[in-house]
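Values quoted throughout were computed directly from the atomic coordinates according to the rules given, and no laboratory measurement underlies them. Here the structure is a predicted model, which is why all the values come from computation and not from measurement. All Cβ positions, even for glycine, are placed from backbone atoms using ideal geometry, and neighbour counts span all protein chains on display.
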Amino acid sequence: MELKRAVEAEKGFEKVFAFLRERLLAGSLRPGDRLVSERELATLLGVSRPIVREALRALTVLGIVEIRDRIGTVVARPDVSVLNDFFTFALAHQADMLDDVMQARVAIECQAIRLACERANIADFERLQRALAKIGDTIDESDAGGMADFEFHRAIVVASHSETLTVLHGSLAGLLTHSHRSRRKLVQAFPSMKTYLIDDHRRIFDAIIARDPERADATLRKHFAIGDEYRRRAVVGDIDKTSASR
């Protein structure tokens, strides 16, 4: 009996989720719209009211709907931080997580930088320029420097004016900032990274300003490859001589 109820509840959840998903995709439901009552939704989907109630609570936790007093259930505005938390917890325990996230980052940012070369406006250029200056100002700081790196690359994605790429990148923000901070710690073992970090980001910025997608893409990919090489050298103990002599 308990198993049967659990199966029925799961199917009921799926019906409620599917109902909302299809209407959101079709555009018949938008942020701020109020859903029909629990009773009407239960009748429409052929499930019990308790199942509808539990499904809506689950959707509330996910940030998809809001339950408001004296109003009812309302479609919420998208909250990327929910996805950020989900991906952080879902992937953090996996082996080689940083390498996997890096591959996703390369895919997102390389497409974003091509679009940025076409779509970036003056505000985007100014945001990138501020982020570039911050990288130089924080070159000797692991945490602040890692965040400066993240903000520069985030600015590239924002400059693409692609909502999908921006959401995908934002959903990985927790993992990406961890990756940026980890890479910045390598500066202690590789003082030569300081020049590389500043000059490489400058070259990326210049390519976007020149609206040259081929050069921007190639420069960004080379930037990623050099960073990977520093990580490899750290693993095998091949640090800069100037650092080792300290």
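Assorted remarks:
- Extension gain, D199-R70: 0.36 nm per intervening residue step, less the Cα-Cα distance, totals 40.7 nm.
- Computed E for E141/D212 - FRET, C-beta separation, R0 41 angstrom, nearest 0.05: 0.85
- Charged side chains reduced to their Cβ positions (Lys and Arg at +1, Asp and Glu at -1) give the stretch 97-142 a dipole of some 240 debye around its Cα centre.
- Length released on extending from Q129 to Q103, taking residue separation times 0.36 nm less the Cα-Cα span: 6.8 nm
- Packing, taken as the mean count of other beta carbons within 10 Å per residue, orders the peptides 29-41, 210-222, 171-183 from highest to lowest as 171-183, 210-222, 29-41.
- For the peptides 194-205, 148-159, the ranking by mean Cβ contacts within 10 Å, running from highest to lowest, is 148-159, 194-205.
- Anisotropy class of the stretch 200-242 from Cα gyration tensor, a/c 1.5 cut: prolate
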